[in-house]
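Asks: The following block contains the structure, expressed as structure tokens.
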Amino acid sequence: MTLKAIDPPDRTFSWWLTNEEVGQMLAHHRGWRLSASGGVVGGKVLHKNIAPSLEVLGTAALISGWTMRASVPHSDGRGPTHFMWGVFDARSEGEIAARVKLVLAGEAPDWNSTAH
């Protein structure tokens, strides 16, 4: 299996990042790599599938509260992107992969909703 290193986005994350760029930043931070099919893979020896794509990883991060976008009154919610590194780093690869699966299945409660 050929894996490719994931570099951080070219843009600074003090600006609003797309879901794919959020996933790219998180994967780079963890040292994960990209498979030929576009999936995010963790582990140097034993490869663990984390997410099917960077965009799905970024979406799961936003739903799970690992990343937040500040909302501004009278805006569409697009503000600077904030990474909750402590919260994200406290999760194992297995926990992150499980959360991504819940998000894909539509079974993960949205951390950003008012009912936690």
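The values are calculated or read from the model by the stated rules, or taken from the named source; none is laboratory data. Just so we're clear, the structure is a prediction, and the values are computed from it rather than from any experiment. Glycine also receives a Cβ, built like all others from the backbone with ideal geometry; neighbour counts cover every protein chain displayed. For accessibility, only protein heavy atoms count, side chains too; no ligands or nucleic acids. Shrake-Rupley method; radii C 1.70, N 1.55, O 1.52, S 1.80 Å.
Asks: In the stretch 66-82, how many residues are under 13 Å from Val22 (Cβ atoms) and at pLDDT below 90?
Replies: Pass one, the stretch 66-82, residues under 13 Å from Val22 (Cβ atoms): 66-69, 78, 80-82.
Subsequent filtering for residues that are at pLDDT below 90 retains 67-69, 78, 80-82.
Residues meeting the conditions: 7.
Asks: Is there a residue in the stretch 37-47 that is part of a helix (DSSP H, G or I) and either of a type in the set (Phe, Trp, Tyr) or in contact with a Lys or Arg (Cβ under 9 Å, 6 or more places away or on another chain) (or both)? Steps first, please.
Replies: Taking the stretch 37-47 first, the residues part of a helix (DSSP H, G or I) are none.
No, the stretch 37-47 contains no residue that is part of a helix (DSSP H, G or I) and either of a type in the set (Phe, Trp, Tyr) or in contact with a Lys or Arg (Cβ under 9 Å, 6 or more places away or on another chain) (or both).
Asks: Take the stretch 1-18 and flag every residue that is open to solvent by 40 Å² or more (accessible area, probe 1.4 Å), at pLDDT 80 or above and within 13 Å of the chain's Cα centre (by Cα).
Replies: Hit for the stretch 1-18 is Thr18, nothing else.
Quick grid of which residues meet (1) modelled with pLDDT of 95 or more; (2) out of contact with any Gly (no Cβ under 9 Å at 6 or more places or on another chain):
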residue	(1), (2)
Gly38	no, yes
Ser64	no, yes
Met84	no, no
Val100	yes, yes
Glu107	no, yes
Thr114	no, yes
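Asks: I'm checking my understanding of the structure. Among residues of the stretch 20-36 that are part of a loop (DSSP other than H, G, I, E, B) and over 16 Å from Val100 (Cβ atoms), which one is least open to solvent (accessible area, probe 1.4 Å)? Give the steps one after another, and end with the answer.
Replies: Restricting attention to the stretch 20-36, the residues satisfying the condition of being part of a loop (DSSP other than H, G, I, E, B) are 31-32, 36.
When the remaining residues are screened for being over 16 Å from Val100 (Cβ atoms), the result is 31, 36.
Numbers: Gly31: 36, Ala36: 104 Å².
This residue is Gly31.
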